Structures are given as structure tokens and as C-alpha cells.
Ligand SMILES: Nc1nc2c(ncn2[C@@H]2O[C@H](COP(=O)(O)OP(=O)(O)OP(=O)(O)O)[C@@H](O)[C@H]2O)c(=O)[nH]1
Ligand SMILES: [Mg+2]
């Protein structure tokens, strides 16, 4: 087997003896045996270089490594951890030639590689293995994250390694479970690296937490780093990255979510440094869309967006798509497609584009029919979770799914309504927007959003009880601008006023030129309906109506998707 590290200038006999170390074994309950310590001490003494061994839990030698006089560079230990354990199942035992204890570099290796334990055999000036010094990682809440190194004479070391590592794993498991109840969710660490203020980071992380929750992910801890500029390779600083990886291990996180977009190279670089899965905000959003897509069109659009996102991230032809497309919990667009290579991914993209186009043609026909009847269209838009579907349901007496999760709605729903004096209009509920919507997603949903161009009025629904609503309004307007929709007449509606003090709500509305409503209270909707009528037909409502009056629902105009029964 191959000896790793600095072999230049070694005698053939020395190389031979190094290679033979692979045949040695250590009893399970010892860190290292006396004779094996003797062998590496001798080799180290002769060559003037550190010699290291990695050992697995069965006491087998996994790597033999030769370093410099004061440093050992570890080879790639492979990604796998030992079974369900959080430790790597490998310990490092190496020589120190100058009597020095474990160094800062040693401790960094310990945490970065999640080693079971790290030990130094201190070689005496006449080449004997005199002392053994070792340490190990500690559970969350300890600073520093490693135990104080213990030093004994080699033959006096009494640690029962086998029992020790079992105990340590128990301790880690207990400290994690006690801290947070997970209930079947995926445990994740959220990371935000910024050049701006920490306050912005907090706001952004709050939203990331909501996105994660929607995706069945529990953010167990957050890491914020402020730096003058982002690290081109890892985004986060190298030292902070090591800290992050250690934390993810201590907290038993299988996922690390970056609250920003990572380049394909960055995902790869960070992914290579850890066993945890690394995803960015876009991928999280794509994953939510994948879970939420129910109609054929929605599914096609999400798959298209996922493939476009994944394509540049396929480093080589051979890279399996599974790690990329698996999303958070491995929900890609179908298990069978996971092993696609680049070329097949491209073919699939083209096919999806054609299918979506066909569906779009169908939609366009329906739209043409509608516009030939000259029925005005009122479309509800707004930030995700603003209450669009709830309001739509209230006005159209429908049962579109509305819930306190992000992106509850993906597919457009349409109802035809009759106002007095034989006036009819069509109302649609659409997918919500979010800050920095992944561009692949916007592109894929272009067909759906195309509908908005036909709108005679856009109702921009805002959750005015959310302190972030000014930024949310801005984000929505940016998406509308991107979609070339700023020329459509718009009415700003501040929803969820029931959550605010009435006077505050009134002031907010006045300040923003918005109409206040609560989708949960029908009596607040009358001014809105009157305003809609006035805008659409350019005149005051024709008749006086009762406070709880609602337009008559005529039909479900939604194309190619079964909707709840409505009056004929
Ligand atoms: N208190 C209060 N809650 C509301 C109001 N309108 C909606 N909600 C709640 O807000 C949450 C989100 O409502 P949805 O109607 O699903 O929001 P949406 O804008 O359609 O969200 P997406 O489809 O996910 O973009 C739900 O839990 C609703 O019950 C309101 O006027 N007052
Ligand atoms: Mg909705």
C-alpha cells in the first residue's frame, strides 16, 4: 500500500519499513501499542521527519504518512464517517521529534477532520517513544472545543480507547438531543456571510428560517460572518469554515444552508471540505417548489428550473446529478432521472421547454377567448405568505390552499365573478414572490407569469403586519419590473390589518397609498371591491350593497386543472 507524504530522499530500506507498517495492528482498547510506537519513533528519528498513522476502530492501519520535521500533511481521508457516528472513525497517532506537545495545527486537524482522537508520540533525544500526549473533541458549549491534552509516559497510558470512544459518542448524542427536539426534520446549520451590517443578516436569516421550515428543515444554529469582502473560494473565511464544520458535527447537522447564492465552484469547494450536504438559498427555494408543484405545468416548470440550476454544477460528465438535484431531502424530479449526465440533462431541458410551450399555447387560446369576450382581468400578486390566496378565497368563495408557509401557491387559479349591472371580471391568484427569486425559476415560470400581462388591474397584496413589509414591497416591484409589468395599473392592498392596532394600520396605509383589509374579515373587503369596480369600469359602483356583499361566482376559468365546484 502507498505511503503518503514526503518520501523524497528516503532509503529503499526505510520506505520498505514504512510500507510494512500497514501490516501492523493495535488492540482495540489501546490508542497505540508499545511496539508500533517504537517502530514509528525509530523511523522518525532516523529520517528526521514526523511519521504518522491513522488507525480505524478495529485497530488497523489505514494510512502511513511521512511529514516534515515539525508538520504532517494529511492526505484526503475520504468522506465517509463511521456508520451513524459523527466522528470519522479514524484517529491519528504521529511522532513529535522535539518534545513539543500537540500544536495548533494538530488541533485544527482534529476538528476539521472530526477525528476520533489525536495523539503525539514524543520521541526522546535518543530515539525512544517516551511520552504519549492526546486529546479529543468536546460536545457543543465547550470553548475551546477540545479537551486539555493528557500527557503520560507511553507505557503508563491507561486509556481504554474502545470504551472511551463509545462514551464520547454517547455524550455528543445526549448534548445534541437535549438542546433541540427535532421531530423528524432535517437538521441544518444556516450561514450568512456579508459585507453589510449584522442587522440585515438577522432579517435575512429569519426569512431563511421560514424557507427552511417550509422545506422540512430545522435550522439548529446560525453562523454570521462579516468580512470586508467575500472569500472567492469558500465565501466564508477559511478559519470560520473550520469552525462551521466543527459546529455542524457537534450539533449533528447533515445540512449546511448558505443564505446566499454560491457559485458552482464554491459549492464544490465547501462540499469537499465536509461530509454535510451544502446547499444555497436558491436550491432551498427550488426544493420547496419541487415539493409544492402539483399540476402538470407546475411540475414541468420546476423540473426545468432544477435542471437549469444543476447543469453548470455538473463538474464532469460523470458527476451524478443526485447530489445536486436531490434538493434538501433528496426530492429531485424523479429518481429515475438522477443519473443523467450533462448531455442528457440538456436534452431533457429542451424537451421540457417544448412541453411547457405547448401548454402555454393552450393557455393563450383560453386567454384569447376570454379577451374576445372582453372580460376584464384582475390578478393578485405579492410577496409570499402575504395572504393572497386567503383573500382570493374570501372574494371568490374558493378553497385554494392557504397556509402559514412560504410558497403555498404555485399554480394560477382563476374564477369568473359577476358584479351588479351585468358586469363580469376574472380574478386570478398566482405564485408569490420573494427577494432574489432564483433566475432559473423566474425563467421557468415565465409562462405562468405571462398571464399577468393581460391583467387590467394588479392587486399587490402586502402583509403590513410584517415588519419587513417595506423591503417586501420593493422586492415585488423589482420582480414586476423584471417581468415588464410596471405599465399595468396597480392597486396596493395592505392585508392582515387585524394584526395591528387600528390607528397604526390606518397610518401605514395612508403613508403608502394603500387600501387596508383583513382577508379574515369579510366586512373589511367592501371598500376593496368598490375600488376594484371603480378602477376596472372607471366609475363608481352602480348600486348600494350590504356590508357583507360578495360578487357572484360564475365559473372556474382555470385551464387544465380541476378546481372546486362553482356555480354554473
Ligand atoms: N391575521 C391574518 N392572517 C392572515 C390574513 N390573510 C392571510 N392570513 C394568514 O397568512 C398565512 C398565509 O396566507 P396565504 O393566503 O397562504 O398567503 P399567500 O400570499 O397566498 O402565500 P403563498 O401562496 O405562499 O405565496 C395563512 O396562515 C393565512 O391564514 C389576515 O388578513 N389576517
Ligand atoms: Mg397563495
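The values are calculated or read from the model by the stated rules, or taken from the named source; none is laboratory data. All values derive from a computational prediction rather than experimental measurement. Here the Cβ positions follow ideal geometry from the backbone for every residue, glycine too, while neighbour counts run over all protein chains shown.
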*Do we find that residue 360 is modelled with pLDDT of 80 or more, part of a helix (DSSP H, G or I) and within 30 Å of residue 474 (Cα to Cα) in this structure?*
yes
*Go through the stretch 107-132 and give me each residue that's in a strand (DSSP E or B) and surrounded by fewer than 21 Cβ atoms within 10 Å (Cβ to Cβ).*
130, 131
_Can you go through 386, 399, 394 and tell me which one is within 16 Å of ligand 1 (Cβ to nearest atom), surrounded by fewer than 14 Cβ atoms within 10 Å (Cβ to Cβ), over 19 Å from residue 291 (Cα atoms) and modelled with pLDDT of 85 or more?_
399
*residue 18 modelled with pLDDT of 95 or more, in contact with a strand residue (DSSP E or B) (Cβ under 8 Å, 6 or more places away or on another chain) and surrounded by 15 or more Cβ atoms within 10 Å (Cβ to Cβ)*: yes
_Selected residue (criterion: nearest to the chain's Cα centre (by Cα)) from residues of the stretch 514-527 that are within 14 Å of ligand 1 (Cβ to nearest atom), assigned to a helix (DSSP H, G or I) and free of Cβ contacts under 8 Å to residues at least 60 places away in the same chain_ = 524
*Has the stretch 39-46 got any residue that is exposed (fewer than 13 other Cβ atoms within 10 Å of the Cβ) and either within 21 Å of residue 9 (Cβ to Cβ) or touching a strand residue (DSSP E or B) at 6+ places or on another chain (Cβ under 6 Å) (or both)?*
no
*Hey, any hits in the stretch 548-557 for a residue that's under 28 Å from residue 363 (Cβ atoms), free of Cβ contacts under 8 Å to residues at least 12 places away in the same chain and assigned to a loop (DSSP other than H, G, I, E, B)?*
no
_Meets criteria (touching a residue at least 12 places away in the same chain (Cβ under 8 Å) and within 15 Å of ligand 2 (Cβ to nearest atom)) for residue 453_ = no
*So which of 515, 480, 508, 529 is under 27 Å from residue 437 (Cβ atoms), touching a strand residue (DSSP E or B) at 6+ places or on another chain (Cβ under 9 Å), surrounded by 15 or more Cβ atoms within 10 Å (Cβ to Cβ) and at pLDDT below 95?*
480
*Give the stretch 362-395 a look and list any residue that's under 16 Å from residue 521 (Cα atoms) and away from ligand 2 (no atom under 13 Å from the Cβ), or say none.*
395
*What pairs can you find where one residue is in the stretch 485-508 and within 17 Å of residue 521 (Cβ to Cβ) and free of Cβ contacts under 8 Å to residues at least 40 places away in the same chain, the other is within 16 Å of ligand 2 (Cβ to nearest atom) and not in a loop (DSSP other than H, G, I, E, B), and their Cβ atoms are less than 7 Å apart, with a gap of 6+ or different chains?*
494/462
*Scan the stretch 363-383 for residues that are modelled with pLDDT of 90 or more and away from ligand 1 (no atom under 16 Å from the Cβ) and jot them down.*
376, 377
_Pairs where the first residue, in the stretch 384-410, is farther than 12 Å from residue 463 by Cα and the second is near ligand 1 (Cβ under 6 Å from one of its atoms) and in a helix (DSSP H, G or I), C-beta under 8 Å, 6+ apart_ = 400/389; 401/389; 402/389; 402/390; 408/389; 409/388; 409/389
_Complete set of residues in the stretch 92-106 that are under 22 Å from residue 243 (Cβ atoms) and part of a strand (DSSP E or B)_ = 92
_Condition (residue is in contact (Cβ under 8 Å) with a residue 12 or more places away in the chain, surrounded by fewer than 16 Cβ atoms within 10 Å (Cβ to Cβ) and farther than 23 Å from residue 485 by Cβ) applied to the stretch 421-440: is it met by at least one residue?_
yes
